[in-house]
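Structure first, then comments.
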Ligand code: SAM
Ligand code: DTB
Ligand code: SF4
C-alpha cells in the first residue's frame, strides 16, 4: 500500500521557492503512474479535480510582430503567410467577449502581437478591459513587455491577469528567440506583480528541447518570488515557415509528465492545458486532467491556430464528469 504520510515532502502541497534542477528532474524521472499519483494528491489539496476553468482568447492585433520567436506565426521575421492587422475596435472585442461568455467561458484573454506596449494604445485597451470586465468575465491580456506605469494603468482599467510566458529554460532561451532576453521577461513579470496583477506565466514544449530544458522552465517558474496564479503549458503548434515549425512533436506521455511536474512544483497554480490541444486525443487530455491540469482554452481558435471547438469540448467534459468553474456574475 502507498503510505502518503511517509511520502516525499512535496506531497504536503506547500509552495516552495527553493527547488533545484536535480529535484525537478528527479520528479520527471519517477515511474509514470507514481508521478501522476503524486500530482493528483497535490491537486486535490487545493482544488476540486472535477472542476475546470475555461478561458477564451481573442487576437486583438495580429501579425507583424518585431520579435523573432522561433515558434510564432505572428513574427515579422518569418514568412508564414499570415496577414497583419491593426488593433481592432472595442465593439468587436466586446461582441466576441459576449459570445465567449454565452458559450461558457469564465475568462477572456486579449492577445496582441507586440514586442512591447506603447502608451498611445492604453486608452483603447482600457476601454476593452472595462467592457469585458463589465460582462462579468475575468480579464486577461498578453501584450508583450510592460513598464511599471503601464501595468498600473491596465490594472486600473480592471485587468485581472497578465500573460507573459518564459517559454523555455534560461539556458535554452537563445535557441528560441534572440530579440529579447530572459531577464527582460522576468522584469516584465516583476512589473506585473508590483502592480498587483495576477500572473499567467508558462511555456512551450515540443520545440525540440531536452527534458532538462523542460525541467529548467519549471524550475524558473517554481523559484519566482511568487508562483504564477495561472500556468499555461503549450504543446508547440508547428507553423510552416517558422524556424521551429519542423520540430518533432512531443511524446504524449512526456507532455503529461510536464503537466504533473508543473502541478507539484506550483501547487496553487491553475495549470492550463493550452496550445496543441487540437492534436490531442480525448484520452491524452483526460490524462492531463488526472495529472493536475485544471484550466483550458475553449472556443474555435487560440490566437491564429485552431482548437477542438465547444461541441467537442462540452462532450469531453461531460464524458469525464467534469464541469466548468462557475464564472463570476455580471
Ligand atoms: N506577444 C506577446 C508575447 O509574446 O508575450 C503575446 C502573444 S504570444 C502569441 C503568447 C504566447 O503564445 C507565447 O509566449 C507562446 O508561449 C505561445 N505561442 C505562440 N505561438 C505558439 C505556437 N505556435 N505553439 C504553441 N504556443 C505558442
Ligand atoms: C499561452 O500560454 N498560450 C496562449 C496564450 N498564452 C496567449 C497562446 C497560444 C498561441 C498558440 C498559437 C496561435 O494560436 O497563434
Ligand atoms: Fe511576437 Fe509574441 Fe509571437 Fe513572439 S510570441 S513573435 S512576441 S506575438
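Consider residue 271 carefully, then state whether it is in a loop (DSSP other than H, G, I, E, B) and within 14 Å of ligand 2 (Cβ to nearest atom). Answer is no for this residue. Taking (1) closer than 23 Å to residue 139 by Cα; (2) surrounded by 24 or more Cβ atoms within 10 Å (Cβ to Cβ); (3) away from ligand 2 (no atom under 16 Å from the Cβ) in turn, residue 291 satisfies each apart from (1). Residue 210 meets each of the listed conditions (1) surrounded by 16 or more Cβ atoms within 10 Å (Cβ to Cβ); (2) over 19 Å from the mean Cα position of the chain (by Cα) apart from (1). Filtering region 104-128 to residues that are assigned to a helix (DSSP H, G or I) and either over 24 Å from residue 325 (Cα atoms) or modelled with pLDDT under 95 (or both) leaves 119, 120, 121, 122, 123, 124, 125, 126, 127. Scanning region 98-124 for residues that are over 23 Å from residue 201 (Cβ atoms) and touching a helix residue (DSSP H, G or I) at 6+ places or on another chain (Cβ under 6 Å) gives a single hit, 103. Restricting region 135-150 to residues that are more than 19 Å from the chain's Cα centre (by Cα) and not in a loop (DSSP other than H, G, I, E, B) leaves a set whose member that is surrounded by the fewest Cβ atoms within 10 Å (Cβ to Cβ) is 149.
Please verify whether residue 86 is within 16 Å of ligand 1 (Cβ to nearest atom), in contact (Cβ under 8 Å) with a residue 12 or more places away in the chain and buried (at least 22 other Cβ atoms within 10 Å of the Cβ), treating the condition exactly as stated.
On the way: within 16 Å of ligand 1 (Cβ to nearest atom): yes; in contact (Cβ under 8 Å) with a residue 12 or more places away in the chain: yes; buried (at least 22 other Cβ atoms within 10 Å of the Cβ): no.
Judged against the criteria, residue 86 is not a match.
Of all residues in region 278-306, those that are under 19 Å from residue 45 (Cα atoms) have Cβ atoms under 9 Å from Cβ atoms of residues that are at pLDDT below 95, 6 or more apart or on another chain, in 294/325; 295/325.
The sole residue among 199, 132, 192, 176 that is within 16 Å of ligand 2 (Cβ to nearest atom) and either surrounded by fewer than 16 Cβ atoms within 10 Å (Cβ to Cβ) or under 18 Å from residue 71 (Cα atoms) (or both) is 176.
Of the candidates 54, 30, 14, 35, the single residue that is modelled with pLDDT of 95 or more, more than 16 Å from ligand 3 (Cβ to nearest atom) and assigned to a loop (DSSP other than H, G, I, E, B) is 30.
Within 13 Å of ligand 2 (Cβ to nearest atom), closer than 25 Å to residue 205 by Cα and in contact (Cβ under 8 Å) with a residue 60 or more places away in the chain: is that true of residue 68 in this structure? Write out each step before concluding.
On the way: within 13 Å of ligand 2 (Cβ to nearest atom): no; closer than 25 Å to residue 205 by Cα: yes; in contact (Cβ under 8 Å) with a residue 60 or more places away in the chain: yes.
No: the conditions fail for residue 68.
Kindly indicate the residue of region 73-103 that is in contact with a strand residue (DSSP E or B) (Cβ under 8 Å, 6 or more places away or on another chain) and part of a loop (DSSP other than H, G, I, E, B) and also nearest to residue 143 (Cα to Cα) among those meeting that condition. The qualifying residue nearest to residue 143 (Cα to Cα) is 87.
Only one residue in 131, 63 is part of a loop (DSSP other than H, G, I, E, B), at pLDDT 95 or above and either more than 30 Å from residue 257 (Cα to Cα) or within 19 Å of the chain's Cα centre (by Cα) (or both). Which one? Can you show your working first?
Working: 131 fails: part of a loop (DSSP other than H, G, I, E, B).
Going through 131, 63 in turn, just one is part of a loop (DSSP other than H, G, I, E, B), at pLDDT 95 or above and either more than 30 Å from residue 257 (Cα to Cα) or within 19 Å of the chain's Cα centre (by Cα) (or both): 63.
Screening residue 165 with (1) out of contact with any helix residue (DSSP H, G or I) (no Cβ under 6 Å at 6 or more places or on another chain); (2) in a loop (DSSP other than H, G, I, E, B); (3) away from ligand 1 (no atom under 13 Å from the Cβ) gives one miss only, at (3). Taking the listed residues 12, 40, 95, 29, the one that is within 30 Å of residue 113 (Cβ to Cβ) and surrounded by fewer than 19 Cβ atoms within 10 Å (Cβ to Cβ) is 95, with no other qualifying.
The values are calculated or read from the model by the stated rules, or taken from the named source; none is laboratory data. All figures in this text were calculated on a predicted structure; none of them were measured in a lab. Please note: Cβ atoms are built from the backbone with ideal geometry, for glycine as well, and neighbour counts cover all protein chains shown.
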